[in-house]
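To start, the structure itself, in structure tokens.
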Amino acid sequence: MSHYPVVVFDLDGTLLRGTTVSLLLAGWLGRTSEITELERAFRAHEISNSVVADTSAGWLAGKSVTEAWRVLEDGS
């Protein structure tokens, strides 16, 4: 069983207005165009949600939970 130090909710913008957690984190990481393409491919049924989750989770490697929280708090 894998252990993830960060769990992301609100990937579809239900809780945040005008953005999503995925977009906030991707923007912070300089990967906005990549998440945009992943989300497009998901909506087109070309990839599964697990591809989006696994790919974007990898972008957080080496980032601190504190840094990620700061980004998310600024977006609320």
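Carbon-plus-sulfur fraction of the accessible area of the stretch 19-76, 1.4 Å probe, in percent?
Details: 1960 of 3580 Å².
C and S atoms contribute 55 percent here.
Using only the alpha carbons of the stretch 19-76, determine the length spanned along each of the three principal axes and report them from longest to shortest in whole angstroms.
Cα extents, longest axis first: 33, 22, 16 Å.
The values are calculated or read from the model by the stated rules, or taken from the named source; none is laboratory data. The model shown is predicted, which means the values in this text are computed figures rather than measured ones. Accessible surface areas use protein heavy atoms only, side chains included; no ligands, DNA or RNA. Shrake-Rupley method; radii C 1.70, N 1.55, O 1.52, S 1.80 Å.
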